[in-house]
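Taking it in order: structure first as structure tokens, then the write-up.
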Amino acid sequence: MNKTDLLIIGAGPGGYRAAEYAAKQGLQVVIVEEDEVGGTCLNRGCIPTKTYVHSTSFAEARERMITVVSQLRSGVEGILSHPNITLMRGKASFVDTCSCSVGGDIVTAKNIIIATGSETKWLPIKGVDDPRVVDSTGLLQLETLPKKLCIIGAGVIGMEFASVFQRFGSEVTVIEYLKECLPALDSDIAKRLRKLLEKRGITFKMKTAVENVADLDADAILMATGRKPRTEGLNVEAAGITLAPNGTIPVDSNYQLSALGNIYAIGDVNGKQMLAHAAEMQAVHAVNHILGKTDNIRFNIMPAAIFTEPEAACVGPTEDQLKEQGVNYECHKAFWRANGKALAMNETEGMLKLFSSVDNGLILGCHAYGAHAADIVQEVSVLMCRDTTVSQLQDMIHIHPTLGEILKAPF
Ligand SMILES: Cc1cc2nc3c(=O)[nH]c(=O)nc-3n(C[C@H](O)[C@H](O)[C@H](O)COP(=O)(O)OP(=O)(O)OC[C@H]3O[C@@H](n4cnc5c(N)ncnc54)[C@H](O)[C@@H]3O)c2cc1C
């Protein structure tokens, strides 16, 4: 039997960051991974898809993806070679509240962090077992470019693949049940982005439900209808854990299972914010909580991006949400076409909405689409973490000519 301070299940961005940080803080860590280290993000999520965005052809994209992923995987293996970390290969399964079995071995720990991530949520549509139907992992494994690609779902994954495969030369159709794409994005921005992609040649069928896959005229069909927590085979019942009705592991604000003080669940598996950077920061917070350390991570300020072409990004509430909440807000708009650097780059498509409070001037959020929108929203996110007002932003000097000056334009 192995005994350790901290047992981590899953070596994705949540798990490996928790291991790295805990080991540097002096804890003895065992981390268990049943697949490649790096998790969904590195092997079949953020990194492979972003390699596709930055490649000119499908063939080049596939080659670059394999190189980039293996380079980053070696980096994670390097992190996990810290003397305080033991990496165990295999599937972890709870035996009781303090122990898991991995293969034939039992690991017992003072604290356990579950970081098992998520998997594709398959809709129970008629004909879903048609061999043309793939999820994002399956699409990344295709060796030939589909002539016609049909995407079910206009969320982040669906929109990113639509943008990239259209550029590679596929004829792309996106089918979405809701009236607008990207529900977490300001509806005004989402609509403009969709219209732009439509102009580029992507067909959108909004307010449409797919009833039978056999009706779809496509060589490949991407199921992009969301992700669900991954807990199969984890035997959580043995630890006294009850899953929420939607399959997530319920946690408190410290990512701890309140009834079981020694168990934490971070990243996609708790369903709170299904983003790689959210998983990493939840990891840091959970380890701090184990160590009795306080931190000031503001999980309510969570920037996110959609890597279409051009990209979109957001932090804070949408304008619709501000209205629903009865917030006394002001909306400041700016356009890429009025920015010198954007014109010089020939990237004139884009719009930004920055929201501030009428009562105290505080920046409440920002939603945008346009070249490098994620970097601009990242700046707003930092300002929000420092409780900045719009008049303080006006006093801050930005380099000329930069896209960052777009933030100064609305004032
Ligand atoms: C196509 C796609 C694109 C994405 N793009 C982005 C993006 O651009 N930006 C972004 O922020 N997020 C993106 N995401 C989301 C991001 O990948 C996840 O939010 C992130 O990977 C979650 O990290 P995690 O550590 O919680 O879980 P994961 O990365 O899923 O890692 C969990 C790990 O646990 C292992 N595991 C599971 N069960 C067990 C067990 N019982 N025993 C041992 N090991 C186990 C798994 O094998 C896996 O390696 C994308 C996702 C997809 C699918």
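Scan the stretch 121-141 and give yes if some residue there is among the basic types (K, R) and under 16 Å from the mean Cα position of the chain (by Cα), otherwise no. Taking every residue of the stretch 121-141 in turn, at least one turns out to be among the basic types (K, R) and under 16 Å from the mean Cα position of the chain (by Cα). Taking residues in the stretch 133-148 that are surrounded by fewer than 20 Cβ atoms within 10 Å (Cβ to Cβ), and partners anywhere that are modelled with pLDDT of 95 or more and β-branched (V, I, T), the pairs with Cβ atoms closer than 6 Å and at least 6 places apart or on different chains are D135/T120. Residues in the stretch 15-37 that are touching a strand residue (DSSP E or B) at 6+ places or on another chain (Cβ under 8 Å) and among the aromatic types (F, W, Y): Y16 only. Could you please tell me which pairs satisfy a Cβ distance under 6 Å, a separation of 6+ or placement on different chains, a first residue in the stretch 310-338 that is in contact (Cβ under 8 Å) with a residue 12 or more places away in the chain and on the phi > 0 side of the Ramachandran plot, and a second residue that is in a strand (DSSP E or B) and surrounded by 14 or more Cβ atoms within 10 Å (Cβ to Cβ)? Close Cβ pairs satisfying both conditions: G316/L364; G316/G365. Filter the stretch 260-287 down to the residues that are closer than 26 Å to A238 by Cα and surrounded by fewer than 19 Cβ atoms within 10 Å (Cβ to Cβ) and list them by number. L260, G261, N262, listed by residue number. The set of residues from the stretch 114-125 being out of contact with any Lys or Arg (no Cβ under 8 Å at 6 or more places or on another chain) and within 10 Å of the ligand (Cβ to nearest atom) comprises I114, A115.
Residue-level analysis places T242 outside the set of residues that are hydroxyl-bearing (S, T, Y), more than 30 Å from N111 (Cα to Cα) and in a loop (DSSP other than H, G, I, E, B). Those residues that are more than 10 Å from the ligand (Cβ to nearest atom) and loosely packed, with under 15 Cβ neighbours inside 10 Å, I need them from the stretch 217-242; list them, please. Selection gives D217, E237, G240, T242. Inspection of the stretch 393-401 finds a residue satisfying the criterion of being β-branched (V, I, T), modelled with pLDDT of 95 or more and out of contact with any helix residue (DSSP H, G or I) (no Cβ under 6 Å at 6 or more places or on another chain). Restricting I290, I263, I301 to residues that are at pLDDT 95 or above and in a loop (DSSP other than H, G, I, E, B) narrows the list to I301.
Of everything listed in (1) under 20 Å from T225 (Cα atoms); (2) within 16 Å of the ligand (Cβ to nearest atom); (3) among the hydrophobic types (A, V, I, L, M, F, W, C); (4) buried (at least 20 other Cβ atoms within 10 Å of the Cβ), the single unmet condition for A184 is (4).
Between G90, G14, G26, the distinction of being without any contact (Cβ under 8 Å) to a residue 60 or more places away in the chain, among the small types (G, A, S) and within 18 Å of V287 (Cα to Cα) belongs to G26 only. Looking only at residues in the stretch 353-411 that are aliphatic (A, V, I, L, M) and part of a loop (DSSP other than H, G, I, E, B), the one that is nearest to L322 (Cα to Cα) is V358.
Candidates L87, L80, L72: the one that is farther than 17 Å from I8 by Cβ and in contact with a Leu (Cβ under 6 Å, 6 or more places away or on another chain) is L72.
The values are calculated or read from the model by the stated rules, or taken from the named source; none is laboratory data. This is a predicted model, so every value here is computed, not measured. Here Cβ is always computed from backbone atoms with ideal geometry, including for glycine, and neighbour counts include all displayed protein chains.
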